[in-house]
């Protein structure tokens, strides 16, 4: 094994290399929301919390509520579903096809201390809204301060 001299400046990226990498990551490589051919796109999620609950919103355009499965195991939320294609047109007749069909799945870790057995899910205009209440011990408590009476 030969010993090789370490040159720290050779490891630094030039400005051009950095710009090339930026454009390649942004435009050339598909983003994580786009899937390979034969798979449906991974749904985009918004997750936020209020003092009483955690709310998860998933964008699921064109998907029927009965085609969506929501599972909470421990602190992991999994949203699964399937986009079904109507086979009205033969594959050879397509000029261009960007819509993806097939199964999708998205899993995220939620904060602890939730009550998944009391969760509620609704779907409106292609947006799934999942509301999971927090346990009582996690809800913020307000304590009023009382003035102490002075002794004479």
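The values are calculated or read from the model by the stated rules, or taken from the named source; none is laboratory data. Since we're looking at a predicted model, the values are computed, not measured. Cβ atoms come from the backbone with ideal geometry, glycine included; neighbour counts cover every protein chain shown.
In segment 47-58, is there at least one residue being within 30 Å of residue 141 (Cα to Cα), exposed (fewer than 10 other Cβ atoms within 10 Å of the Cβ), touching a strand residue (DSSP E or B) at 6+ places or on another chain (Cβ under 8 Å) and modelled with pLDDT of 90 or more? Yes, segment 47-58 contains at least one residue that is within 30 Å of residue 141 (Cα to Cα), exposed (fewer than 10 other Cβ atoms within 10 Å of the Cβ), touching a strand residue (DSSP E or B) at 6+ places or on another chain (Cβ under 8 Å) and modelled with pLDDT of 90 or more. Please enumerate the residues belonging to segment 61-79 that are in contact with a strand residue (DSSP E or B) (Cβ under 6 Å, 6 or more places away or on another chain), surrounded by 15 or more Cβ atoms within 10 Å (Cβ to Cβ) and modelled with pLDDT of 90 or more. Across segment 61-79, the qualifying residues are 68, 70, 77, 79. Checking every residue in segment 98-116 against the condition of being modelled with pLDDT under 90, over 20 Å from residue 44 (Cβ atoms), surrounded by 11 or more Cβ atoms within 10 Å (Cβ to Cβ) and in contact with a helix residue (DSSP H, G or I) (Cβ under 6 Å, 6 or more places away or on another chain) gives at least one match.
For segment 121-144, the criterion of being touching a strand residue (DSSP E or B) at 6+ places or on another chain (Cβ under 7 Å), within 12 Å of residue 43 (Cβ to Cβ), at pLDDT below 85 and not in a strand (DSSP E or B) is met by none of the residues.
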